[in-house]
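Everything below concerns the one structure shown next.
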Amino acid sequence: MSLKITEKCINCGACEPECPNNAIYEGECKKNYYYFIVPEKCTECLGFYDEPQCASVCPVDCCILDEENIESEEDLFKKINYVRNL
């Protein structure tokens with residue numbers, strides 16, 4: 001499953017450069033905006049690192065598994081191939 005960034009995000013930007021798939025973007029300029037992860041590009045850093053890098057660098061632990069985007073390891077590997085070919 002992909003990860004998501006919760007409303008606890010403090011917009012520090014630590015996560016964005018750590019994503020090997022460029023799946024993290026800064027939110028739009030709204031009252032309560034925060035960074036977000038594009039689930040179609042998130043592979044939980046599988047094939048790159050042992051753990052999701054956004055979660056490992058987040059100072060407020062707001063990068064969590066997205067229960068609404070459940071995927072098997074096989075699906076994640078397929079997604080890796082897709083993302084690499086973008």
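Would you confirm whether any residue within region 66-79 is touching a Leu at 6+ places or on another chain (Cβ under 9 Å), modelled with pLDDT of 95 or more, surrounded by 12 or more Cβ atoms within 10 Å (Cβ to Cβ) and assigned to a helix (DSSP H, G or I)? No, because not a single residue in region 66-79 is touching a Leu at 6+ places or on another chain (Cβ under 9 Å), modelled with pLDDT of 95 or more, surrounded by 12 or more Cβ atoms within 10 Å (Cβ to Cβ) and assigned to a helix (DSSP H, G or I). Of the numbered criteria (1) surrounded by 14 or more Cβ atoms within 10 Å (Cβ to Cβ); (2) within 9 Å of the chain's Cα centre (by Cα), the one ASN22 fails is (1). When the residues of region 34-51 are filtered to those that are in contact (Cβ under 8 Å) with a residue 12 or more places away in the chain and farther than 21 Å from ASN85 by Cα, the one that is nearest to the chain's Cα centre (by Cα) is PHE36.
The values are calculated or read from the model by the stated rules, or taken from the named source; none is laboratory data. Owing to the predicted nature of the structure, the values given are computational and were not obtained by experimental measurement. For neighbour counting, all protein chains shown are included, and Cβ atoms are generated from backbone atoms with ideal geometry for every residue, glycine included.
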